[in-house]
Amino acid sequence: MGELETGKQLRVRETPIPGFLVIDLPVHGDNRGWFKENWQREKQLALGVPDFGPVQNNISFNAQPGVTRGIHAEPWDKYISVASGRVFGAWVDLREGDSFGATFTIEIDPSVAVFVPRGVGNAFQALEPDTAYTYLVNDHWSAEAQGEYTFLNLADPTAAIDWPIPLAQAELSDKDRAHPQLADVTPMAPRKTLVLGVNGQVGRALRQQWAGRTDVEFAGRDRIDLARPDTLESIRWSTYGTVVNAAAHTAVDAAETPEGRVDAWAVNAAAPARLAALAAQHGLTLVHISSDYVFDGSRPQHDETERFSPLGVYGQSKAAGDLAVSVASRHYVIRTSWVVGEGKNFIATMASLAERGIAPSVVGDQVGRLAFASEIARAIDHLLAVDAPHGTYNVSNAGEPASWAEIAKRVFERAGHESGRVTPVTTAEYYRGKADIAPRPPHSSLDLGRLEATGFAPRDQFEMLDEYVDSLASGA
Ligand code: NDP
């Protein structure tokens, strides 16, 4: 029998398998036996073990040395040690990617634990009688989940695991004997990304940004209706790693009506709260889109620390959604303004008025910056790709803030028309006599410093405006 080492320092080591960690555990021995903190979230997080959120603890008891199990790659993370005895552990990376096939082995006694990321094939061989092998997992076992396992043969010649007890003398199940060789294994795909609200301006831009990505799924209201929470419950969330919520009740004036108020709160506040709870439960990264309307616009520029001061129902419901989402530990609140995307938008409307010889009155006392939907999609992609610190990020185009009237003039000019046809008016004049009009913040410009600090350079709003007007003219 191996001698159990007591008095180790808690230490975490990396291995050739990315994300697979070996943890040295302090074991305290005395005349009665020994004691260890097998999993201690706070201390281990500080040393780099992921906050993997275990939900199930399993123990496999192995009566005889030579019992060998595996190689199983499971669709969840695992944290393994032994409570008594000793095993030889072997792991083969079966995830898609460059590290596919990477192998690592180590003996585990009660003073050693390992963290096995989802998709890494796991096997062990008991080396002592009465070995109690214990592990935590962060999803509940189900027959459905078992259908997502990936297997590798214990005797695979590429992995070439040097079993201390030759497999010919070991105790194996018939099922484990039948697993395929590495060349025939289908690698486990990463957890997918789910995008909600894919028919809106930002949703369409995300479809373009991630076109061809097999790990991204796009859902419209027909599949997930945020006003109907039951449609959220039918999703198998553990197969997803990231949810991007681009759906919202965006009719700011309709939100001021009795029915609109109910809808706005259901979609913009209650649904994000449910998404945040699901994100916490399943370890999802939640990306949610927020609005400059969470502020009253009294400051000329808004940074991410400004306190909420929404004027109307839409802004109030969006602020509530932001607060709910911020409770999910892995969240990105993307705060944007004045979105220009596919379909009906301010620029296309102005270009059309210019062509048709109309001389519009346009609001001149609301100042901000455009956010082309493609820039928002590019920023979301960037923040996820660089694994930026979680939190709120302002996202819009860069450049000098301008009023809607100034933007309209620029559209007229670029389209080859007289910009003098645009008459700036005040917001009060523009909406005079109209009922159920939501109050608008006078200043919508967002401070982009935090986004830029992640290495993202937002493009100038007028540069993109010009390109867009040109594309409208050419029918592109
Ligand atoms: P759009 O109005 O273009 O799109 C909103 C999408 O949400 C639509 O596709 C709509 O679906 C979907 N939706 C509405 N209700 C539901 C529901 N009950 N269930 C599922 N989907 C629903 O909005 P944008 O793309 O412009 O907005 C994206 C985000 O940006 C939103 O969070 C918005 O608050 C925010 N934002 C927008 C600004 C703007 O100027 N537009 C400014 C600042 C922030 P359907 O197509 O079926 O109607």
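The values are calculated or read from the model by the stated rules, or taken from the named source; none is laboratory data. Quantities reported herein were computed from a predicted structural model and do not represent experimental measurements. FYI the Cβ positions are ideal-geometry reconstructions off the backbone, even for glycines, and counts take in every protein chain you see.
List the residue pairs whose Cβ atoms are under 7 Å apart, where the first residue sits in segment 285-302 and is on the phi > 0 side of the Ramachandran plot, the second is more than 12 Å from the ligand (Cβ to nearest atom) and at pLDDT 95 or above, and the two are 6 or more positions apart or on different chains.
Sorted first by the residue in segment 285-302, then by its partner, the pairs are GLY297/PRO442; GLY297/HIS443.
Select from segment 196-232 the residues that are of a type in the set (S, T, N, Q), out of contact with any strand residue (DSSP E or B) (no Cβ under 6 Å at 6 or more places or on another chain), assigned to a helix (DSSP H, G or I) and within 12 Å of the ligand (Cβ to nearest atom) and list them in ascending order. Explain how you work it out, then say what you get.
Within segment 196-232, the subset of a type in the set (S, T, N, Q) is 199, 201, 208-209, 214, 231.
Remaining after also requiring out of contact with any strand residue (DSSP E or B) (no Cβ under 6 Å at 6 or more places or on another chain): 199, 208-209, 214, 231.
Now drop any that are not assigned to a helix (DSSP H, G or I), which leaves 208-209, 231.
If the condition is that a residue be of a type in the set (S, T, N, Q), out of contact with any strand residue (DSSP E or B) (no Cβ under 6 Å at 6 or more places or on another chain), assigned to a helix (DSSP H, G or I) and within 12 Å of the ligand (Cβ to nearest atom), then THR231 is the only one that fits.
Within the bounds of segment 286-293, is there any residue that is among the charged types (D, E, K, R) and buried (at least 17 other Cβ atoms within 10 Å of the Cβ)? I'd like the intermediate steps shown before the answer.
Of the residues in segment 286-293, the ones among the charged types (D, E, K, R) are 292.
Retained after the next criterion (residues that are buried (at least 17 other Cβ atoms within 10 Å of the Cβ)): 292.
Scanning segment 286-293 turns up at least one residue that is among the charged types (D, E, K, R) and buried (at least 17 other Cβ atoms within 10 Å of the Cβ).
Return the only residue of ALA415, ALA373 being assigned by TED's automatic domain parsing to the domain that holds SER329 and within 22 Å of the chain's Cα centre (by Cα).
ALA373
Can you spot a residue in segment 258-272 that is more than 9 Å from the ligand (Cβ to nearest atom), of a type in the set (Asp, Glu), at pLDDT 95 or above and not assigned by TED's automatic domain parsing to the domain that holds ASN138?
yes
What's the total number of residues in segment 183-202 that are surrounded by 15 or more Cβ atoms within 10 Å (Cβ to Cβ) and either among the acidic types (Asp, Glu) or more than 15 Å from the chain's Cα centre (by Cα) (or both)?
10
Just give me the residues in segment 311-321 being more than 10 Å from the ligand (Cβ to nearest atom) and either surrounded by 23 or more Cβ atoms within 10 Å (Cβ to Cβ) or hydrophobic (A, V, I, L, M, F, W, C) (or both), in sequence order. Show your work before the answer.
Residues of segment 311-321 that are more than 10 Å from the ligand (Cβ to nearest atom), as a first pass: 311-313, 316, 319-320.
Correct list: LEU311, VAL313, ALA319, ALA320.
What's the total number of residues in segment 431-448 that are over 22 Å from the mean Cα position of the chain (by Cα) and closer than 21 Å to GLY368 by Cα?
12
Would you confirm, using the coordinates I've provided, whether ALA247 is crowded, with 20+ Cβ neighbours inside 10 Å and assigned to a loop (DSSP other than H, G, I, E, B)?
When the stated conditions are applied, ALA247 passes them.
Checking the condition surrounded by 15 or more Cβ atoms within 10 Å (Cβ to Cβ), in the same structural domain as ALA178 (by TED's automatic domain parsing) and in a strand (DSSP E or B), which residue from ILE59, ILE71 passes?
Going through ILE59, ILE71 in turn, the sole match is ILE71.
Quick one: in segment 166-195, of everything that is among the aliphatic types (A, V, I, L, M) and not in a helix (DSSP H, G or I), which residue is farthest from HIS331 (Cα to Cα)? Walk me through it before giving the result.
Initial filter on segment 166-195 (among the aliphatic types (A, V, I, L, M)): 167-168, 170, 172, 178, 182-183, 185, 188-189, 194-195.
Remaining after also requiring not in a helix (DSSP H, G or I): 170, 172, 178, 185, 188-189, 194-195.
Working: ALA170: 47, LEU172: 44, ALA178: 42, VAL185: 34, MET188: 25, ALA189: 23, LEU194: 14, VAL195: 14 Å.
So the residue we want is ALA170.
Could you list, ordered by first residue, the pairs with Cβ atoms under 7 Å in which the first is in segment 189-201 and closer than 13 Å to ARG213 by Cα and the second is among the small types (Gly, Ala, Ser) and near the ligand (Cβ under 7 Å from one of its atoms), at least 6 apart or interchain?
VAL195/GLY203; VAL195/ALA246
Would you please name the residue that is farthest from GLU107 (Cα to Cα), looking only at residues in segment 1-41 that are surrounded by 14 or more Cβ atoms within 10 Å (Cβ to Cβ) and among the aromatic types (Phe, Trp, Tyr)?
Step by step, filter segment 1-41, then rank; the result is TRP39.
Which number in (1) buried (at least 20 other Cβ atoms within 10 Å of the Cβ); (2) touching a residue at least 40 places away in the same chain (Cβ under 8 Å) marks the one condition that GLN44 misses?
GLN44 satisfies every listed condition except (2).
Looking at SER238 and the list (1) away from the ligand (no atom under 14 Å from the Cβ); (2) part of a loop (DSSP other than H, G, I, E, B); (3) crowded, with 20+ Cβ neighbours inside 10 Å, which single condition is not satisfied?
(2)
Residue by residue, here is whether (1) at pLDDT below 95; (2) in contact with a helix residue (DSSP H, G or I) (Cβ under 9 Å, 6 or more places away or on another chain) holds:
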| position | (1), (2) |
| --- | --- |
| ASN153 | no, yes |
| ASP156 | no, yes |
| ASP162 | no, no |
| ILE165 | no, no |
| GLU171 | yes, no |
| ASP176 | no, no |
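Just checking, which of LEU465, LEU472, LEU451 is farther than 30 Å from ALA254 by Cα and surrounded by 15 or more Cβ atoms within 10 Å (Cβ to Cβ)?
LEU451
If the Cβ limit is 6 Å and pairs must be 6+ apart or interchain, which residue in segment 204-231 that is assigned by TED's automatic domain parsing to the domain that holds ILE380 pairs with which residue that is polar (S, T, N, Q) and within 11 Å of the ligand (Cβ to nearest atom)?
Cβ pairs passing all conditions: GLY220/ASN199; ILE224/THR231; ASP225/THR231.
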